[in-house]
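Worksheet: the structure to be examined is printed underneath.
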Amino acid sequence: MIKKQFPLFITLILFSIICFGQNATIRGFVYDKETGEPIMFSNVLLMETSNGATTDENGYFVISKVKKGNHKIKVSFTGYETSFLDVSLRDNEIKHVKVELEQTSTQLGSIEIRADRVAARTESQVSIEKITSKDITQIPSIGGTADLAQYMQVVPGVIFTGDQGGQLYIRGGSAIQNKVLLDGMVIYNPFHSIGLFSVFETDIIRNVDVFTGGFGANYGGVLSSIMDISIKDGNKKSTKGKISATTFGANLVIEGPIIKQNDINDVSLSYILSAKNSYLSYTSKNIYSYIDGSLPYDFFDIYGKLTLSGSNGSKLSLFGFNFTDKVNQYKSIANFNWANRGFGANFLLLPGGTSALVEGVVAYSDYSILMEETTTGSGKESNIGSFNVGLSFTNFFGENKLIIGLEALANTTRTSITTTKEKASSTIGDPNYSTELGAYALFKGIFKRFLYEPSFRINYYASMSKVSYEPRLALKYNITDFLRIKAAAGVYSQIFIDTKPDADIVNLFTGYQTIDPESMNIVSVFRGQNISSYFQKANHLIFGIEYDLSKRITLNIEGYYKIMEGLITLNRNKYFDDDFEHSQEGSSFQPDYLKKEYALENGKAFGVDVSAKYNDDRLYIWAVYSLGKVIREDEVISYAPHYDRRHNVNILLSYQLGLSRSWEVSLRWNYGSGFPYTPNKGGEELLDFQGGIDYNYLLSNGTFNMLLGEYNSQRLPEYHRLDFSVKKRFDIFKSSTLEINLSVTNLYNRNNLFYQDRITGQRVNQLPIMPSFGLSLLF
């Protein structure tokens, strides 16, 4: 199969390069004139021709096949004044230009072509959501602060499991199958325990690309999804900042130039620094005292970045962060804390004499997590130290481009879990060392109305001495300017496994472990077949339709089918110790799936995501419906995992009022059908007979043990919640703005179930109605 696909991949590339030979080339960057930040997805058009380009995440564009002579370039983007630039070209010349756009003081009319409509016709955009900080601020700002974690819950295909300890599950993949990148660095567990906040400060985010499936070969080492986050470089022209305080916490952002960019000096050195913390554990005792047990959530996040930018657009950035989270005695169930620290560097080079881009990253992070359950006596601890390096080369051929890259990821993981079962206890604590090496090639081609993106990745997993060959393909056909069909397919692999037992009452612990068959106590037989390779694989198949119902309404429908094989999990069927007594030579032989620490599972996920967006000058509406089903099978049964949600609905509305649009009202309603759970079947009293023959079993009190029914055979109650916020902005000085924010979480006070004690029957709910108030000063 691989041998047949690889020549096809090479043929498509060569065909495109031959068909789109170059004459002269115009390359350059588009920036915001006030801040020096690149403007993504702006339209660059060569006047009196159909030749043009759209800027990428770096604000970079390339227009090839340009005849020699004098030309005029038109550069436009929503919210900015259109700019025109005269360019004179010689044969085979590569002309570098820099364009600065000035923000407009007047609103654009309906004839303005939005950048997202242009991208829809020139990018495959299969299972991707592109997010900016402006998009995030359109959702109701829970706790007075809009956050990426809140926005992610609206993204099609994403399932969120709760307000407290919630995790994100994407198109049937478990939380461990999501990969998060921060300026190229791999980030572990980026969401705080309360479930409403991420570690990322909204105001410093440049853009986020969320791939819910079918992503290209430039991403690897993960089965389900990618969240790729880019942070702003910092203002190159002047010092700016923001100070915020709410009933939940406080935020600080400051950015500016150390070496200022101006008309004389095109080189700059800029910085950006953010810090945010939660004092909810203190304010909840007074403001939210009606909540049973208060809200013992504390976190503190700090991030800093330093960027040196050259005159031709090349740049070097250094960055570092320290993220912490702590929960003390929540409902007397658990103590929990984690810390994530890291630093790194990335660069963008624009070599002279070519339109190519060279990008790279070097980074290291260390993540530690500790959880102690006071109800069961179980203890869990995990640590991962991760070093990653990447290098990519992008070359342009007309409207097409070829990306070639190399990646390396080295991890040291250690997880200690002590669990208590009916007949056995277990502790896992050996460190694992792993190295991943990856090489990839991705081609993006356009032939008339047809878009094609073949890509190929080779991943080498040193701990298993295994190579994974991963062909991938994305396609789009523009039937008309308003109707498009698209598809994607690919092969994916992953070495990380989940060390979170499904039976956890509070699902806050996320441990990391890599596959090492020699050191892991893992089954050697699965469903009667000897296991020859411990390889976690997934195959994605996606088909979708995009339809522009009007100039302001876009409909997107995607169906997906995902097959997952060789998934390694903690063995919940373990009831015996893996010792000589239970071996084939022992007196009481037991099969692997009843005594090994780790087991294998297969799975599949399929469904449909429907998304409709309406966007005009003032009103923004986003409606999302997801229908999905997830099936997992272990040695014994086929079952629905605890995150399998059949129906999920999100409706988001944002409206700006007033002549100056200084008022903004936002609403978000979420509905989710019930998650699976395992019902009680009965109970029994266990006596230890410590007194021997003199033990009085008639009068003694034993330990109560709950007997469980069929695994995940019933459904919890449905979940729904309405959030509301209103914001008002005041211009208090020439360059300063005061913003007042009032928000209400769970407006109609829905009693959504958090968990229920199996023995006492006590019900504990998710967050009740929670009003919050905040002030922000922008300067």
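The values are calculated or read from the model by the stated rules, or taken from the named source; none is laboratory data. Please read all numbers here as calculations on a predicted model, not as lab measurements. Reconstructed Cβ throughout: ideal geometry from the backbone, glycine too, with neighbour counts over all protein chains shown. Heads up: the accessible areas ignore ligands, DNA and RNA and are worked out on the full protein's heavy atoms, side chains in. Shrake-Rupley method; radii C 1.70, N 1.55, O 1.52, S 1.80 Å.
Estimated at 0.36 nm per residue, the fully extended path between residue 773 and residue 122 surpasses their Cα-Cα distance by 230.1 nm. What number comes out for the charge environment of residue 391, summing +1 per Lys or Arg and -1 per Asp or Glu over other residues with Cβ under 14 Å away? Net charge in that neighbourhood comes out at -2.
Any idea which of 678, 89, 412 is furthest toward the positive side of the dipole for the chain, if Lys and Arg beta-carbons carry +1 and Asp and Glu beta-carbons -1? Most positive-ward Cα: 89.
Of the accessible area of the chain, computed with a 1.4 Å probe over protein heavy atoms only, carbon and sulfur atoms account for 57 percent. Highest mean first, the peptides 178-184, 465-471, 167-173 sorted by other C-beta atoms within 10 Å per residue fall in the order 167-173, 178-184, 465-471. Evaluating 6.51 cos²θ - 1.76 cosθ + 1.60 at θ = phi - 60° for every residue in the stretch 242-257, the Karplus couplings come out as 8, 10, 9, 9, 9, 6, 9, x, 9, 9, 9, 10, 9, 8, x, x Hz, glycine and proline recorded as x. The charge dipole of the stretch 213-359, taken about the Cα centre with unit charges on the Cβ atoms of Lys, Arg (+1) and Asp, Glu (-1), comes to about 300 debye, rounded to the nearest 20. Measure nothing but the geometry: give the 0 to 90° angle between the long axis through the Cα atoms of 2-19 and the longest principal axis through the Cα atoms of the chain, rounded to 10°. Helix 2-19 sits roughly 20 degrees off the main axis of the chain. As a length-normalised measure over Cα pairs under 8 Å and 6 or more apart, the relative contact order of the stretch 457-598 settles at 22 percent. Here the 3J(HN,Hα) profile of the stretch 168-179, calculated from phi with Karplus coefficients 6.51, -1.76 and 1.60 at θ = phi - 60°, is 9, 10, 10, 6, x, x, 6, 4, 6, 8, 9, 10 Hz, Gly and Pro shown as x. Contact order, relative form, for the chain: 10 percent (alpha carbon pairs under 8 Å, 6 or more residues apart, mean separation divided by residue count). Taking 19 Å as the cut-off, the amide N atoms of the stretch 345-364 that come nearer than this to a point 7 Å along the Cα-to-beta-carbon line of residue 316 belong to 345-352, 357-364. Karplus-based coupling profile of the stretch 123-133, in residue order and whole Hz: 10, 5, 6, 8, 6, 9, 10, 9, 10, 10, 4, with θ = phi - 60° in 6.51 cos²θ - 1.76 cosθ + 1.60 and x standing for Gly or Pro.
Over all other residues within a Cβ to Cβ distance under 14 Å of residue 352, the charged ones net out to +1, with Lys and Arg as +1 and Asp and Glu as -1. Computed about the Cα centre, the dipole magnitude for the stretch 643-779 is approximately 1020 debye when only Lys and Arg (+1) and Asp and Glu (-1) carry charge, each at its Cβ.
What the Cβ-Cβ distance of residue 300 and residue 602 gives, at R0 = 35 Å and to the nearest 0.05, is a FRET efficiency of 0.25.
Rounded to the nearest 500, the 222 nm mean residue ellipticity of the chain from helices alone is -1500 deg cm²/dmol, with -39,500 (n - 2.57) taken per DSSP H run of at least 4 residues. Any idea what log10 I(q)/I(0) is at q = 0.14, 0.23, 0.26 Å⁻¹ for the stretch 156-239, Debye with uniform C-alpha scatterers and no solvent? Each listed q maps to, in turn, -0.52, -1.22, -1.43. Think of the chain as having a plus end and a minus end, set by charges on the Cβ of Lys, Arg, Asp and Glu; of 621, 322, 439, 621 sits farthest toward the positive end of this dipole. For the chain, a crude dipole built from +1 on the beta carbon of Lys and Arg and -1 on the beta carbon of Asp and Glu, taken about the Cα centre, is about 2640 debye to the nearest 20. Taking amide H as placed 1.01 Å from N in the peptide plane, residue 222 has its amide H under 5 Å from the amide H of 493, each at least 5 places away in sequence or on another chain. Working from label points 7 Å from Cα in the Cα-to-Cβ sense, the residue 406 to residue 485 distance is 4.2 nm. The modelled label-to-label distance between residue 358 and residue 289, using points 7 Å beyond Cα along the C-beta direction, is 6.5 nm. Straight Cα distances below 25 angstrom link residue 681 to the lysines 421, 423, 500, 574, 595, with same-chain residues fewer than 8 positions distant left out. The length gained by stretching the chain between residue 763 and residue 532 to full extension, at 0.36 nm per residue less their Cα-Cα distance, is 78.6 nm. Pairs of Cα atoms in the stretch 430-567 fall into 5 Å distance bins, from 0 up to the last occupied one, in shares of 2, 8, 13, 14, 15, 13, 11, 9, 7, 5, 2, 1 percent. Per residue, the chain exposes 43 Å² of accessible surface when a 1.4 Å probe is rolled over the protein heavy atoms with every protein chain present. Taking the centroid of alpha carbons for each part, the stretch 701-754 and the stretch 600-622 are 20 Å apart.
Counted residue by residue at 0.36 nm each, then reduced by the alpha carbon distance between them, the extension gain from residue 715 to residue 518 reaches 67.0 nm.
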